[in-house]
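J.: This is the structure I want to talk about, given as C-alpha cells.
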Amino acid sequence: MAKLGINRFWRKYLGFFLVLFLLLAIPATSSAAENKTGYKSVYILVVDKLSIHDISASSTPAINLLVQEKGSVGLVSNRTLRGNNVLDNSLTIGAGNLARAYKYGLKGFNREETVPDREQTAGHLYQNLTGFNAEEASCVLVNLPEIILGIEKEKVNTVPGAMGEVLRQNNLKVCLLGNADIGKTKNRPSVAIAMDARGQIPLGNIGPQNYTTSPDSFLTCTTNYKFIQKQFLNYKKQADVMVIELPDLARLEAEYTAFPDVAETEKQRILNRIDRFVNWVSGQIDPEHDLLLIITPSPSKKQIEDKNTFTPLIAYGNGFEKGFLTSATTRRDYIIANTDIAPTVLSFFGLEDKTKTMIGQPIEVISTTNEDTLQEAQKLSANTSTTSRLRSPLIKGYVVFQIIVILLALVAIFWVNELARILKPFIVALVAVPLVLLPLGKTSFSSDWLYIVAAVTATALLTAVFLKFSGGNDSRAFVALGIITILTLNADILTGAAMIQSSVLGYDPMVGARFYGIGNEYMGILLGSSIAVVSFIFEKFRNRITLLIISLFFFFECWIIAAPSLGANSDGMLTAPAAFLVTMLLLGEVKFQPSLLFSAAAVVILLALSLTWYDMNRPPELQSHIGRAAEQIATGGWKELYTIASRKAAMNIKLIKYTIWSRVFLVILLVLSLLVYRPVGAVKKLMLEYPCIVKGFAGIIAGALVGLVVNDSGIVAASTTSIYLIVPLLLFMLNFSEKKKFRS
C-alpha cells in the first residue's frame, strides 16, 4: 500500500518536478543569448549609389511604403578619412569611426575561394598574412593587415570591424550575402561592414553564385536574387545580423556608357528589382522584434557632380515607427552620420561599444503622422546641395573682393589719394557681406546664378542704406553694421542656428565636419565685430559703467560661442575668453605683468575646463562633440589627447596650405606691417586720437592669433576675425589721406 501511494504521488507531481528541474538546469541567459536564438535580428540591405530622389511611388513602391507609412527616413552624411567612395565608407560604417582603404582596397572572399593570381584559398592566405585561424569563418578580409597598419598611421583610434567585434564578443553571429563583382573583377565592400576586428565573418556567402548574367541587360552581371533569397532563408535562423549587398546601381555606373534613355531604362529596371527584394525581405521579418535598415554607403557620380552627396537611410521595425531620423551626433532633423549606424545596431541589442572607439551615436526616430517625410528629406537634400554648390563661388568671390579692395586702398593711401572717396563704400561693404550671406540660404531661387546676383545686389543696397542713415560717415556705418551682425547672429544661435546652418559661411553637413553650433567662420565674425563695436563705443563713453556693461556683454558672447547647447565651438571656448580678456585689460588700462598674464590664462583655462566637465557629465544623447571628445580623453588618456591634438594640427596645416582664406590673411598681415610704418606718423596720430579703438585692434589681433593656434581650422577663424581690424584701420588711413595730413 505504501509503495502504491508513492507511485501515485510521483505520477501526480511528475510534471511539476520536471518543469522545476528544467528551470534550475538551464542557466540564466543574457539578452545577447536571447538574440542568438532568434528573439530579435537586424537586417541591413546595402544599396550603393541609391539617391533619396530615386525613391518614389512609381519607381520603388515598396521602399516608398516603408518611408511614408511604416518606417523612418534620414539623410546620411558620409565622412571618411579620405574620399566619398564605397570602400572608405563601408570601412567607416563597420568601424563607427573614420576609416579608409589603401592600395589593395578590400580583398574579401569566401574562406574556401581561391584568391585570383594566388595558388591558395582565401582562408590559407588570410592565415599566412594575419596568423589568425579562420576555420570557423565563412568569409575573410585577406588584406586586413594592410588596413589596420595603414589606419594606425592616421591620427585616429579607429578599429576596423568594431561593430562586428562587439557582436562577436557577445555571441551574436553576423551573416553576409552578395557581392559587387563585375566579371573577373572582385568587389566585396560590404565585408568591411560585416566583419569583426579579425577580418572574419562567421556566416554567409560572397562568392560568384551571388551574381548572374542576362542577355536582356548590358550589365556584365546582375544580382542573383533567387540565390540570395535561398541563402537568406538558410541563414535566417542562425544569424543575428544579416548584411545583404545589392550592388546593381553601382555596377550600372561601372559599365560602358550607354545612351541616356537606355541607361535610364536600365536604372528603372534595377530599382524595380531592388524594390521587389525589399518587399520580400520586409515580409520575412517580424517588425515587432526585428529591425530592417536600408543603407547606401556612397553617392552616385551624378550626386557628386551636383554636390548632393547625402545618401538615404531607411529604418523599419522595432523602435522605428513612421517619422524621420536624427542622432546626438548631428542634432539635426533628418540628418545622421555614417558613423551612427554601428552604434545603432549595438544599441538595438542593448550592447555598449566595448572598444571605446566609435564616435557615432545611436540613431533615433522623431515620430510624425502628418508630415510627408520623403518630400521633406528630398527638399532638405536639394537645399543643402544648393548651399554646397554656392559655397565655392560666393566665398572665393568674397575673398577676392577683399584682396582687391585692400590692395586698392593701399594704392589710395600711398599714391592716388583721389581714390579714397570712391573706395570707402567698398570697404564698408566688406563687413556687409557676412550679414547678407547669413539669411541667403533661406531664400529660394530657381538657378544658382540668381543667388549670386541676389548676394551682390543685397550687399550694395545694405551698404548704401547704412551709409545713408549714417550721414555718409563710414565709421558709423561700420559700427551700425557690426551691431546688426552681432544681434542677428545672437538671435540665430539662441533659436537653433537655422540661418548659420544654411549659410555658405556656415558649415556643410554633407561633408560632416560640423552639424550644429556657430562654426568657425561666424565665430570669427562674431568675435571680431564684438571687439570692434565695443571699442568704438568705449571711445565715446569712457567710464566704469560702460566698462562693466562691456564685461557683461563679453561674458554673454563667450557663453553664446562655447555653450554646448548653443555655439558649441570647442576652440572658440579658448579663443573668445582670451581675446575678450586682453581687450578688457587694455580698455581698463591695467598694467600687463607676468603674474597677471598667468592669472588671465588660468581663468580662461578654468572656464574652458568647467564647461567641458559640465558637457562631459551630461547624458550621451545631450553631449556635444566637446563632451564626447573629453570623454574619449578621459578613457584613452594622454594618447587620446595627443591623437586629437595632432589631428587638429594636421587639419590646420592642411587648410593653411590650401584654403583661399589663407591668401586674404596673408594680405591683411602684409598691409598691417606696411601701415605701421607708412604713412609716417599715421599710426601715432591714430593712437593719440582713438586710443580705445587701437586697443580694440590689439584685442582682435590676440583673438586671431589664439584662434590660429588652437583651432583645427584656425586660418579661417583668424581671417574672418581680422576683417573687423583691417576695415576700420583702412577707413581711418583713407580719411587721413583725404585730409592730406600725412604723406608717404
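J.: Among the candidates 71, 108, 94, single out the residue that is assigned by TED's automatic domain parsing to the domain that holds residue 318, buried (at least 17 other Cβ atoms within 10 Å of the Cβ) and touching a Leu at 6+ places or on another chain (Cβ under 6 Å).
T.: Working: 71 fails: touching a Leu at 6+ places or on another chain (Cβ under 6 Å); 94 fails: touching a Leu at 6+ places or on another chain (Cβ under 6 Å).
Checking each option against the conditions leaves just 108.
J.: While we're on this one: Identify the residue in the range 111-131 that is more than 30 Å from residue 646 (Cβ to Cβ) and among the hydrophobic types (A, V, I, L, M, F, W, C) and, among all such residues, is surrounded by the most Cβ atoms within 10 Å (Cβ to Cβ).
T.: 122
J.: Okay, next question. Consider the range 490-506. How many of its residues are within 19 Å of residue 528 (Cα to Cα) and under 14 Å from the mean Cα position of the chain (by Cα)?
T.: Here the count works out to 1.
J.: Is it the case that the range 375-389 has a residue that's in contact with a helix residue (DSSP H, G or I) (Cβ under 8 Å, 6 or more places away or on another chain) and over 30 Å from residue 452 (Cβ atoms)?
T.: no
J.: Then there's this: (1) of a type in the set (Ser, Thr, Tyr); (2) more than 16 Å from residue 42 (Cβ to Cβ); (3) surrounded by 20 or more Cβ atoms within 10 Å (Cβ to Cβ): which one isn't true of residue 344, the others all being true?
T.: Condition (2) is where residue 344 drops out.
J.: In the range 425-483, what count of residues is obtained for those that are of a type in the set (A, V, I, L, M) and under 13 Å from residue 394 (Cβ atoms)? Don't jump to the end; show me each part of the working.
T.: Initial filter on the range 425-483 (of a type in the set (A, V, I, L, M)): 427-433, 435-438, 440, 450, 452-456, 458, 460-462, 464-465, 467, 477, 479-481, 483.
Restricting the remaining residues to those that are under 13 Å from residue 394 (Cβ atoms) gives 433, 436-438, 440, 450, 452-456, 458.
Residues in the range 425-483 being of a type in the set (A, V, I, L, M) and under 13 Å from residue 394 (Cβ atoms): 12 in total.
J.: Give me a count of the residues in the range 34-83 that are of a type in the set (A, V, I, L, M, F, W, C) and in a strand (DSSP E or B).
T.: Step one: filter the range 34-83 for residues of a type in the set (A, V, I, L, M, F, W, C), giving 42, 44-47, 50, 52, 55, 57, 62-63, 65-67, 73, 75-76, 81.
With the extra rule that they be in a strand (DSSP E or B), the set shrinks to 42, 44-46, 73, 75-76.
Qualifying residue count, the range 34-83: 7.
J.: Within the range 165-267, considering only strands (runs of 3 or more DSSP E) that don't extend past its boundaries, which have at least 1 residues that are hydroxyl-bearing (Ser, Thr, Tyr) and buried (at least 21 other Cβ atoms within 10 Å of the Cβ)?
T.: In the range 165-267, there are no strands (runs of 3 or more DSSP E) which contain 1 or more residues that are hydroxyl-bearing (Ser, Thr, Tyr) and buried (at least 21 other Cβ atoms within 10 Å of the Cβ).
J.: Moving to a separate point now. Step by step: first the residues of the range 134-156, then only those that are in contact with a helix residue (DSSP H, G or I) (Cβ under 6 Å, 6 or more places away or on another chain) and part of a loop (DSSP other than H, G, I, E, B), then the one that is surrounded by the fewest Cβ atoms within 10 Å (Cβ to Cβ). Which residue is that?
T.: Filtering the range 134-156 for residues that are in contact with a helix residue (DSSP H, G or I) (Cβ under 6 Å, 6 or more places away or on another chain) and part of a loop (DSSP other than H, G, I, E, B), the one surrounded by the fewest Cβ atoms within 10 Å (Cβ to Cβ) comes out as 155.
J.: Would you point out which residue out of 546, 575 is among the hydroxyl-bearing types (Ser, Thr, Tyr) and surrounded by fewer than 19 Cβ atoms within 10 Å (Cβ to Cβ)? Steps first, please.
T.: Numbers: 575 fails: surrounded by fewer than 19 Cβ atoms within 10 Å (Cβ to Cβ).
The match here is 546.
J.: Which ones in the range 347-370 are within 15 Å of residue 159 (Cα to Cα) and of a type in the set (A, V, I, L, M, F, W, C)?
T.: 358, 359
J.: Run down 484, 518 and say which single residue is over 19 Å from residue 429 (Cβ atoms) and β-branched (Val, Ile, Thr).
T.: The conditions single out 518.
J.: Given the range 496-598, what helices (runs of 4 or more DSSP H) lie entirely inside it while holding 1 or more residues that are among the basic types (Lys, Arg) and outside the structural domain of residue 308 (by TED's automatic domain parsing)?
T.: Filter on the range 496-598 gives 520-540, 544-562.
J.: In addition: Looking only at the range 303-346, how many residues end up being of a type in the set (Asp, Glu) and closer than 25 Å to residue 517 by Cα?
T.: Here is the first cut: in the range 303-346, the residues of a type in the set (Asp, Glu) are 305-306, 321, 333, 340.
Pick out the ones that are also closer than 25 Å to residue 517 by Cα and you get 333, 340.
Going through the range 303-346 one residue at a time, the tally reaches 2.
J.: Continuing with the same structure: Checking residue 276 against (1) over 29 Å from the mean Cα position of the chain (by Cα); (2) of a type in the set (D, E, K, R); (3) modelled with pLDDT under 95, which single condition isn't satisfied?
T.: For residue 276, the failing item is (3).
J.: Here is a follow-up. Look through the range 279-297, keep the residues that are assigned to a helix (DSSP H, G or I) and among the hydrophobic types (A, V, I, L, M, F, W, C), and return whichever of them is farthest from the chain's Cα centre (by Cα).
T.: Taking the candidates together, the pick is 280.
J.: If you check residue 130 against the conditions, is it hydroxyl-bearing (Ser, Thr, Tyr), in the same structural domain as residue 329 (by TED's automatic domain parsing), under 23 Å from the mean Cα position of the chain (by Cα) and closer than 30 Å to residue 344 by Cβ?
T.: Judged against the criteria, residue 130 is not a match.
J.: Continuing with this model, one more query. Being without any contact (Cβ under 8 Å) to a residue 24 or more places away in the chain and among the polar types (S, T, N, Q) is the filter here, so list the residues in the range 539-582 that pass it.
T.: Those that are without any contact (Cβ under 8 Å) to a residue 24 or more places away in the chain and among the polar types (S, T, N, Q): 543, 546.
J.: Pairs, please: C-beta under 6 Å, at least 6 apart or cross-chain, first residue in contact (Cβ under 8 Å) with a residue 12 or more places away in the chain and within 13 Å of residue 319 (Cα to Cα) and in the range 341-370, second of a type in the set (S, T, N, Q) and loosely packed, with under 15 Cβ neighbours inside 10 Å?
T.: 350/31
J.: Here's something else I'd like to know. Just one of 418, 371 is out of contact with any strand residue (DSSP E or B) (no Cβ under 9 Å at 6 or more places or on another chain) and more than 30 Å from residue 99 (Cβ to Cβ); which is it?
T.: Values: 371 fails: out of contact with any strand residue (DSSP E or B) (no Cβ under 9 Å at 6 or more places or on another chain).
Result of the check over 418, 371: 418.
J.: Has the range 103-110 got at least one residue that is in contact with a helix residue (DSSP H, G or I) (Cβ under 6 Å, 6 or more places away or on another chain) and closer than 23 Å to residue 343 by Cα?
T.: yes
J.: On to the next question. Look at the range 470-495 and say how many of its residues are charged (D, E, K, R) and either touching a strand residue (DSSP E or B) at 6+ places or on another chain (Cβ under 8 Å) or not in a helix (DSSP H, G or I) (or both).
T.: 0
J.: Right, here's the next one. Residues being in a loop (DSSP other than H, G, I, E, B), over 22 Å from residue 165 (Cβ atoms) and either aromatic (Phe, Trp, Tyr) or not assigned by TED's automatic domain parsing to the domain that holds residue 292 (or both): count how many of those fall in the range 320-367.
T.: The total comes to 1.
J.: If you go through the range 381-390 one residue at a time, do you hit one that is free of Cβ contacts under 8 Å to residues at least 24 places away in the same chain and over 16 Å from the mean Cα position of the chain (by Cα)?
T.: So far as the range 381-390 goes, no, none of its residues is free of Cβ contacts under 8 Å to residues at least 24 places away in the same chain and over 16 Å from the mean Cα position of the chain (by Cα).
J.: Inside the range 314-333, can you point out the residues that are surrounded by 24 or more Cβ atoms within 10 Å (Cβ to Cβ) and either within 17 Å of residue 299 (Cα to Cα) or among the small types (Gly, Ala, Ser) (or both)?
T.: 314, 315, 317
J.: Taking the range 348-377 as the search range and keeping residues that are within 21 Å of the chain's Cα centre (by Cα) and within 15 Å of residue 95 (Cα to Cα), which one is surrounded by the fewest Cβ atoms within 10 Å (Cβ to Cβ)?
T.: So, considering only residues that are within 21 Å of the chain's Cα centre (by Cα) and within 15 Å of residue 95 (Cα to Cα), the one surrounded by the fewest Cβ atoms within 10 Å (Cβ to Cβ) is 356.
J.: Considering only residues of the range 649-680 that are in a helix (DSSP H, G or I) and among the charged types (D, E, K, R), which is nearest to residue 731 (Cα to Cα)?
T.: By that ranking, first place goes to 663.
J.: Return the only residue of 595, 535 being surrounded by fewer than 14 Cβ atoms within 10 Å (Cβ to Cβ) and either farther than 22 Å from residue 327 by Cα or touching a Phe, Trp or Tyr at 6+ places or on another chain (Cβ under 6 Å) (or both).
T.: So the residue among 595, 535 that is surrounded by fewer than 14 Cβ atoms within 10 Å (Cβ to Cβ) and either farther than 22 Å from residue 327 by Cα or touching a Phe, Trp or Tyr at 6+ places or on another chain (Cβ under 6 Å) (or both) is 595.
The values are calculated or read from the model by the stated rules, or taken from the named source; none is laboratory data. This is a predicted model, so every value here is computed, not measured. Methodologically, a virtual Cβ is constructed for each residue, glycine included, from the backbone with ideal geometry; neighbour enumeration extends over all protein chains shown.
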